[in-house]
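The values are calculated or read from the model by the stated rules, or taken from the named source; none is laboratory data. Only a predicted model underlies this, so the values are computations on that prediction, with no experimental measurement involved. Because the Cβ atoms are built from the backbone with ideal geometry, glycine has one as well, and the counts that use them run over all protein chains shown. Heavy atoms of the whole protein, side chains included, go into the accessibility calculation; ligands, DNA and RNA do not. Shrake-Rupley method; radii C 1.70, N 1.55, O 1.52, S 1.80 Å.
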Amino acid sequence: MKYDFYITGTIGVEYDWWTGHRGTTANMVKNFLRDHKDQEVTIAVSSLGGYIDDGLTIMEYIKDHGKCNMVIIGMTASAATILCMKAKTVKIARGSMMLIHNSSQMLDVWTSANKEQIDTIIQQFQHEREQLDTIDKCLADIYAHKNKKTLDENLSMMGKERWLSAQDALDFGLVDGILDDDDNTVKAKTVAEAYRGITGASEHYGLPALTKAGKPERNVIQRMSEALKKMSGILNDAETQSPEPQTKPIINMKKIVLNFICAILTVKDITISDKGEASITEDQLNMLENALKEKGDRIAALEAEKNTAISDKQAAETAKAAAETAKATAEQNLATLQTEYDNFKAEAGADTQHKPVTPSAEEKNLSSAEMFNQVKSLL
């Protein structure tokens with residue numbers, strides 16, 4: 001099947017050095033659609049996703065063009081699925097897969113912090129969580145526009161983060177049909193296997209594991225080493241395949257990228273051969289392993305401090321709530337006692353009888369003899 005345009009690699013970048021694949025930006029799609037204005041076009045989509053903003057922008061470009069027919073080949077996920085949702089038609093090649101999932105964001109808190117600073121970090125994380133929740137609801141609404149399901153149904157499917165087969169995608173309403181074409185089916189399987197073979201692809205795209213049967217997992221050091229070798233190949237390919245002389249820009253790009261990698265890996269220097277190939281020594285790998293272990297321990301310690309701070313905060317909030325309840329109870333008891341006192345005071349004052357202060361007539365002018373006789377009569 002002939003395609004007029006291919007949306008591949010990371011959405012939002014022209015070239016992804018991690019995967020070694022060409023990416024697709026919103027400008028690339030805009031320029032293609034501008035050159036094919038008012039024409040019916042068929043666009044192949046085979047991407048694990050990328051930046052949401054570019055995905056949303058591409059989606060609107062496709063909607064405005066009005067004559068875009070999308071065909072999903074291989075493994076397509078995340079932002080790459082979003083950009084298809086407002087096309088004229090969306091089909092998926094048999095043997096291909098789709099994945100819709102909750103949005104994610106890189107977090108960087110590589111720092112030492114006291115409990116007050118940890119509270120601030122927690123507040124920042126809570127803000128980021130609220131932002132991601134809003135994004136998830138917006139994405140679910142876009143899927144709902146396509147499959148006519150409720151927001152909650154789409155949010156539930158996104159939360160499962162489960163790869164959907166071609167039939168699953170059709171049943172859930174994300175595509176309009178399954179393309180039964182032997183050539184596309186073979187391509188779909190080939191692309192899927194290629195993505196599974198990309199070292200660290202799951203982490204790079206923030207996706208569920210893309211494991212390949214019989215292929216052992218590589219540790220971080222091995223992945224970094226392979227990434228450096230892949231970068232060398234990418235840069236060399238870019239130099240040899242360029243239609244115009246670009247030796248100086250390519251060399252400068254090599255230096256920038258490798259310096260950046262050195263900074264990330266805390267390596268002093270990476271040797272570059274005359275051919276532009278980069279290599280890393282065993283001592284540097286050992287240093288990286290030790291540095292990663294040290295930083296991993298530091299992360300664990302910070303995580304423990306954060307959990308302790310959260311527990312202390314929760315305990316303080318519980319104690320505060322208990323104190324406020326006790327205060328309210330005491331105030332209520334005091335008000336009850338005050339009412340009882342006021343009522344008692346009013347009743348006692350109304351019934352009290354007072355003895356006259358002035359003596360009676362019989363008590364006046366008694367002589368001492370009379371007083372003696374009165375006392376005597378009592379004996």
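Details
- Note on the range 1-150: along the principal axes its Cα atoms extend 60, 38, 31 Å, ordered by decreasing extent.
- Multiplying the residue separation of Met28 and Lys63 by 0.36 nm and subtracting their alpha-carbon distance yields 11.0 nm.
- Scoring 167-178, 311-322, 71-82, 34-45 by mean Cβ neighbours within 10 Å over their residues and listing the highest first yields 71-82, 167-178, 34-45, 311-322.
- Span from the the range 292-346 Cα centroid across to the the range 71-145 one, whole angstrom: 37
- Accessible area of the range 1-133 belonging to carbon and sulfur atoms, whole % at 1.4 Å probe: 49
- If R0 equals 56 Å, the separation of the Cβ atoms of Lys320 and Glu153 corresponds to a calculated FRET efficiency of about 0.90.
- Each residue, Arg129 and Lys2, gets one label point 7 Å from its Cα in the Cβ direction; the gap between the two is 5.4 nm.
- Accessible surface, 1.4 Å probe, highest first, among residues Tyr6, Tyr143: Tyr6, Tyr143
- Placing Met106, Met85, Met1 in order of accessible area, with the largest value first and a 1.4 Å probe, yields Met106, Met1, Met85.
- Over 31 Å between alpha carbons, listed pairs Lys30/Lys146; Lys67/Lys148; Lys146/Lys306; Lys2/Lys160: Lys146/Lys306; Lys2/Lys160
- Segments 156-165, 338-347, 296-305 sorted - mean Cβ within 10 Å per residue, highest first: 156-165, 296-305, 338-347
- Counting 0.36 nm for each residue step from Asp119 to Ser165 and taking away their Cα separation leaves a gain of 12.2 nm.
- Spin-label pair Phe372-Asn333: with each label point 7 Å from Cα along the Cα-Cβ axis, the two points sit 6.4 nm from one another.
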